Structures are given as C-alpha cells and as structure tokens.
1. Against the definition (at pLDDT 95 or above and in contact with an Asp or Glu (Cβ under 7 Å, 6 or more places away or on another chain)), how does GLN142 come out, yes or no?
2. LEU60: open to solvent by less than 50 Å² (accessible area, probe 1.4 Å), closer than 21 Å to TYR28 by Cα, modelled with pLDDT of 95 or more and assigned to a helix (DSSP H, G or I), yes or no?
3. Quick one: in region 168-181, which of the residues that are open to solvent by 90 Å² or more (accessible area, probe 1.4 Å) and assigned to a helix (DSSP H, G or I) is farthest from GLU130 (Cα to Cα)?
4. Filter region 148-167 for residues that are under 29 Å from the mean Cα position of the chain (by Cα) and aromatic (Phe, Trp, Tyr); which is surrounded by the fewest Cβ atoms within 10 Å (Cβ to Cβ)?
5. How many of the residues in region 117-144 are open to solvent by 60 Å² or more (accessible area, probe 1.4 Å) and either among the β-branched types (Val, Ile, Thr) or under 14 Å from the mean Cα position of the chain (by Cα) (or both)?
Amino acid sequence: AKSQHYDSDGLLDIFRQYADHLYTKGQYNTAIENYIKTIGNLEPSYVIKKFLDSHKIHYLTEYLQALHRQGLANEDHTTLLLNCYIKLKDNVKLDEFIESKETREIFDIETAIKVCRKSGYHRQALSLAEREHQHEWYLRIQLEDQRDYRDALQYISQLDFEAAESNMKKHGSILMRKLPK
C-alpha cells in the first residue's frame, strides 16, 4: 500500500482491517499494536468495546496508555485507564501514571482523585490532591475516609490565610469534636 502511494486514510483503514482480522483470530497482542496505529483517526470507542472483557484488560490498558501518550484521551478514557490499573491491582503503573510529569497535563485531576478515592486507593488520591493543591479533596479524604484529623488540621495550618479560613469554616466543627485541644 505504501509503494502504491496510498494516502494516510487508506493506510489507516488497512491497519484497522488487519487489526480486526487479528482480533477475530484471537491474536490480541498484535491486534492492539495495529489499533494503536489508528489512534487519531479511528474512534477510540470502537477499540474499547472490543477489549472490555476482563480477560482482555491488559490489551485495553495498553491502548488507553497510548491514547493518553498522544494527548487524545478524555475524562472517560482516564477513568477507564485508572479502573484498569485498579482491577489489575497494578499499583506500580497506577503510581507511575499519577506521579508522572508527562501525564499530569493530559488527564483530569479531579477525575483521577475521584476514581482513586472510590476504589479505596486513598494514598494515591491524597498524593494527587496535595500535589495539585486540591485542598477540598485532600481534606475530604482525610476526614471522611482516613479519619486522620491531626493530619487534616496540620494540612489546614499550612494553607494561606484565605484557604485556611475557608476550610476551617467547612470542617471546623468536626475538628472541634475530634480534636478539642
């Protein structure tokens, strides 16, 4: 096709067709490699639907990582990727994704915090909230999930006056009950 001077759309259609063929033969690893070549032209939902089965989650994860690397992921893709890491119990990849300076700009911070928090990955959610100055999220996780009132109070004490005042108004009553001194 390249020697016949096919345009990029023609080549991408060949990659998709070949990936579809490999998928039907059960050669998921090679299929996902070809689907990755179509990123930017093929609707991601086309690929995601094919790999939603739990035994194909590794391939879905690989595709979603490529989608994020190319800056074409949306909030739903981020949620799905984080859920894949969590389902696979791949804490290393989850931490790498959250802590990476490259990926930090290509995913929705609030979505990542919500997903981690909902799945019980409080350490990752706290780290992300603290690093991104999401004070409300940090304090909600500490107070509601971790019940670490001392850390929450310490965190508030390090905020600028306006943020500290606002958060004391929101969370002061629970802190007074739990840490009266």
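The values are calculated or read from the model by the stated rules, or taken from the named source; none is laboratory data. Quick caveat: nothing in here was measured; it's all calculated off a predicted structure. Cβ atoms come from the backbone with ideal geometry, glycine included; neighbour counts cover every protein chain shown. Note: accessible area is taken over every heavy atom of the protein model, side chains too, but ligands, DNA and RNA are not part of it. Shrake-Rupley method; radii C 1.70, N 1.55, O 1.52, S 1.80 Å.
1. Yes: the conditions hold for GLN142.
2. Here the answer is yes, as LEU60 does meet what is asked.
3. That would be ARG177.
4. The qualifying residue surrounded by the fewest Cβ atoms within 10 Å (Cβ to Cβ) is TYR149.
5. Of the residues in region 117-144, 1 are open to solvent by 60 Å² or more (accessible area, probe 1.4 Å) and either among the β-branched types (Val, Ile, Thr) or under 14 Å from the mean Cα position of the chain (by Cα) (or both).
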